[in-house]
Amino acid sequence: MKLTILGSSGSVSGPVNPASGYLVTVENSPSVLVDMGPGVLARLQERQDPCDAHVVFSHLHADHCLDFPSLMVWRRFHPTAPAKGRNLCFGPESTPEHLGRLSADGDVVVDDMSDTFAFAPWRVGQEHIVDRVSIVPFDAVHPVPAYSLRITEHTTGKVIAYSGDTGWTDNLVDAARDADLFLCEATWGAGDGDFPPDMHLSGAEAGRAARLAGAKRLVLVHIPPWGDVDATLAAARAEFDGPVEVGSPGMEIEF
Ligand SMILES: [Zn+2]
Ligand SMILES: [Zn+2]
C-alpha cells in the first residue's frame with residue numbers, strides 16, 4: 001500500500017500546497033482518493049488517470065471537497081478518456097446533495113452523480129469495502145458531520161489512519177490504534193492560543209493521540225499557510241517518541 005500526499009494545506013490551499021487530498025494506492029486496483037480540496041485534481045492528473053479512483057470524504061467543508069465537481073466534468077466529458085464505468089464514493093449522508101448542488105447548472109437543481117459514482121453514506125464503526133481496502137469511519141468532533149478514517153489493506157493488514165478535521169476525542173485514538181501510518185491534523189500549531197473548542201487539534205494533541213494509539217509513524221497535516229510549521233512539529237515531538245514529519249505535496253510513503 002502506498003500513500004501519496006497530493007495536498008495537505010489546512011483550511012485553505014497554499015501557494016505550493018493544495019488543500020486536503022490523499023491518494024491511497026494498492027496493486028491491481030483503482031486507487032482511493034481521500035478528500036478532494038482545491039488544487040487536488042491538478043496533482044492527481046500528474047499521477048494517474050483521474051477516472052481510475054474511488055473517492056471518499058472525511059467531511060464536506062470546502063477545503064476537503066471543492067475539486068469534486070471538476071472531477072465530474074473530467075469523468076463525463078473528457079473527449080478521449082472519460083470514465084468507463086462507476087467508481088465508489090463514500091462520505092457523510094448529505095454528500096450527493098451537497099456536491100450535486102456544487103456541480104449543478106441552476107440554483108435549485110441537484111446534479112445526479114449516480115451515472116458515474118455509486119454513493120453510500122458512512123456508517124460509524126462499520127467496515128466499508130473499497131476494492132482491496134476496508135475503511136472504518138469513526139465520529140470526529142467538528143462543526144459539521146465529520147469522520148476519522150481507518151484504512152486497512154486486505155492482503156497485508158497494513159493500516160493508514162487519517163484524522164480528518166477533528167477536535168480532541170478518544171475516538172481518534174481508537175481510529176489510529178497501532179496504525180502503521182497516522183495522518184493527523186495539527187491546525188492549531190503549538191496550541192498556545194485562544195482557539196474555539198471542538199474543531200481542530202494542536203501539534204501537541206496530534207502527538208498525544210499518536211502516543212496513546214501506539215501509532216508507528218505520525219505525519220502532521222492540515223497546517224494552514226499561516227501556521228508555524230516548526231513550532232507544530234516541536235509540540236508533536238514533545239508528546240510522541242516515534243517518527244514525526246510534516247506532510248507535504250508529493251510525499252510518498254510505501255509500506
Ligand atoms: Zn479542513
Ligand atoms: Zn473542516
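All of the numbers you see were taken from the coordinates with simple rules; none came from a lab. Source: prediction; values computed, not measured. Positions of Cβ are generated from backbone atoms using ideal geometry, with glycine treated the same way; all protein chains shown enter the neighbour counts.
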Notebook entry, point to check: Can you list the lysines whose alpha carbon sits under 23 Å from that of LYS2, skipping same-chain ones fewer than 8 residues off?
Noted result: LYS158, LYS216
Checklist line | Other-chain or far-sequence residues with amide H under 5 Å of ALA118's (modelled H) | finding: ASN87, LEU88, CYS89
Checklist line | Karplus-derived HN-Hα couplings along segment 21-38 (A = 6.51, B = -1.76, C = 1.60, θ = phi - 60°), whole Hz, x at Gly and Pro | finding: x, 10, 9, 9, 10, 10, 5, 6, 7, x, 7, 10, 9, 9, 6, 8, x, x
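Run the numbers on segment 2-254 and let me know its relative contact order in percent, using alpha-carbon pairs under 8 Å that are six or more apart.
Result for segment 2-254 is 17 percent.
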Next item on the list: Classify segment 16-94 as rounded, prolate or oblate from the Cα gyration tensor: take a ≥ b ≥ c as the square roots of its eigenvalues, call it rounded if a/c is under 1.5, otherwise prolate when a/b beats b/c and oblate if not.
Entry: rounded
Next item on the list: Mind checking which aspartates and glutamates have their Cα closer than 13 Å to the Cα of LYS84? Skip sequence neighbours fewer than 8 apart in that chain.
Entry: ASP49, ASP52, ASP115
Notebook entry, point to check: Using a simple spin-label model with points 7 Å from Cα along the Cα→Cβ vector, what separation in nm is obtained for ASP112 and GLU254?
Noted result: 4.3
Check: Got a sec? How would MET1, MET72, MET199, MET36 order by Cβ neighbour count within 10 Å, fewest to most?
Finding: MET199, MET72, MET1, MET36
Notebook entry, point to check: Restricting the count to DSSP beta bridges whose residues both fall in the chain, what percent are antiparallel, rounded to a multiple of 5?
Noted result: 50
Item checked: Packing-based ranking, highest mean first, of 104-115, 4-15 given that Cβ atoms within 10 Å are counted -> 4-15, 104-115
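Among 151-164, 184-197, how do they line up from the highest to the lowest mean number of other beta-carbon atoms within 10 Å?
151-164, 184-197
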Next item on the list: Please give, to one decimal in nm, the separation of the simple spin-label points placed at ALA120 and VAL229, each 7 Å out from Cα toward the Cβ.
Entry: 3.9
Notebook entry, point to check: Name the trypsin sites (Lys or Arg not before Pro) in segment 75-110 that are in a loop by DSSP and that have at most 15 other C-beta atoms within 10 Å, would you?
Noted result: LYS84, ARG86
Item checked: Dipole of segment 2-254 [Lys/Arg +1, Asp/Glu -1 at C-beta], most positive-end residue of GLY214, LEU66, THR155 -> THR155
Check: What is the chain by shape, rounded, prolate or oblate, if you read a ≥ b ≥ c off the alpha carbon gyration tensor as root eigenvalues and call it rounded for a/c under 1.5, prolate for a/b larger than b/c, and oblate otherwise?
Finding: prolate
Item checked: Long-range amide H partners of ALA179 with built H, under 5 Å -> ALA215, LYS216
